[in-house]
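Here the structure is laid out as structure tokens; the discussion comes afterwards.
The values are calculated or read from the model by the stated rules, or taken from the named source; none is laboratory data. If you're wondering where the values come from, they're calculated on a predicted model, not measured in any experiment. As a convention, Cβ positions derive from the backbone with ideal geometry for all residues, glycine included, and neighbour counts pool all protein chains shown. We work out accessible area using only protein heavy atoms, side chains counted, and drop any ligands, DNA or RNA first. Shrake-Rupley method; radii C 1.70, N 1.55, O 1.52, S 1.80 Å.
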Amino acid sequence: QVQLVESGGGLVQPGGSLRLSCLASRSTFRLYFMGWYRQAPGKQRELVATITSSGGTNYADSVKGRFTISRDNAKNTVYLQMNSLKPEDTAVYYCKANWGSVYWGQGTQVTVSS
């Protein structure tokens, strides 16, 4: 059983920044394929960014140039640095792990509003 705990969400003004963290419960985290997803009100859950066990990354077109996904295997943690935030980034952000099975965190709310 892999448990994922997201943190770092909150309320931020347009143009501001937040950094989300996802802490995994196992040291085998270094082997996991990790991703961040988000679900906005009235919309489907969508892929935001992924990172492989070796650090390769991919991003949704909507966040390219603004968001950065990274991982610290020594801390069993994956991060999502979000800059130049827009109101349309408002969503619940979920951490996802793939390693034999799929695991989801409980989500953290990000609200971008003045």
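For residue 112, the criteria (1) modelled with pLDDT under 95; (2) surrounded by 15 or more Cβ atoms within 10 Å (Cβ to Cβ); (3) not polar (S, T, N, Q) hold in every case but one, which is (1). Of the set (1) outside any loop (DSSP other than H, G, I, E, B); (2) over 13 Å from the mean Cα position of the chain (by Cα), all apply to residue 44 but (1). Please go through segment 1-13 and give me each residue that is farther than 14 Å from residue 75 by Cβ and either exposed (fewer than 14 other Cβ atoms within 10 Å of the Cβ) or in contact with a Gly (Cβ under 8 Å, 6 or more places away or on another chain) (or both), ordered by number. Residues satisfying the conditions are 1, 3, 6, 10, 11, 13. Inclusion of residue 41 among residues that are surrounded by 12 or more Cβ atoms within 10 Å (Cβ to Cβ) and out of contact with any Cys (no Cβ under 8 Å at 6 or more places or on another chain) is not warranted.
Looking at 79, 94, can you tell me which residue is more than 16 Å from residue 30 (Cβ to Cβ) and modelled with pLDDT of 95 or more? Steps first, answer last, please.
Working: 79 fails: more than 16 Å from residue 30 (Cβ to Cβ).
The unique qualifying residue is 94.
Residue 90 passes every criterion in (1) open to solvent by 40 Å² or more (accessible area, probe 1.4 Å); (2) touching a Pro at 6+ places or on another chain (Cβ under 9 Å) apart from (1). What number of residues within segment 96-109 satisfy the criterion of being open to solvent by 40 Å² or more (accessible area, probe 1.4 Å), touching a strand residue (DSSP E or B) at 6+ places or on another chain (Cβ under 9 Å) and in contact (Cβ under 8 Å) with a residue 60 or more places away in the chain? Matching residues across segment 96-109 total 6.
Checking the condition surrounded by 21 or more Cβ atoms within 10 Å (Cβ to Cβ) and in contact (Cβ under 8 Å) with a residue 40 or more places away in the chain, which residue from 20, 31 passes? Give the steps one after another, and end with the answer.
Numbers: 31 fails: surrounded by 21 or more Cβ atoms within 10 Å (Cβ to Cβ).
The conditions single out 20.
Among residues of segment 5-32 being of a type in the set (A, V, I, L, M, F, W, C) and at pLDDT below 95, the one that is nearest to residue 80 (Cα to Cα) is 24. Across segment 86-114, the qualifying residues are those that are in a loop (DSSP other than H, G, I, E, B) and polar (S, T, N, Q), and the one among them that is nearest to residue 6 (Cα to Cα) is 106.
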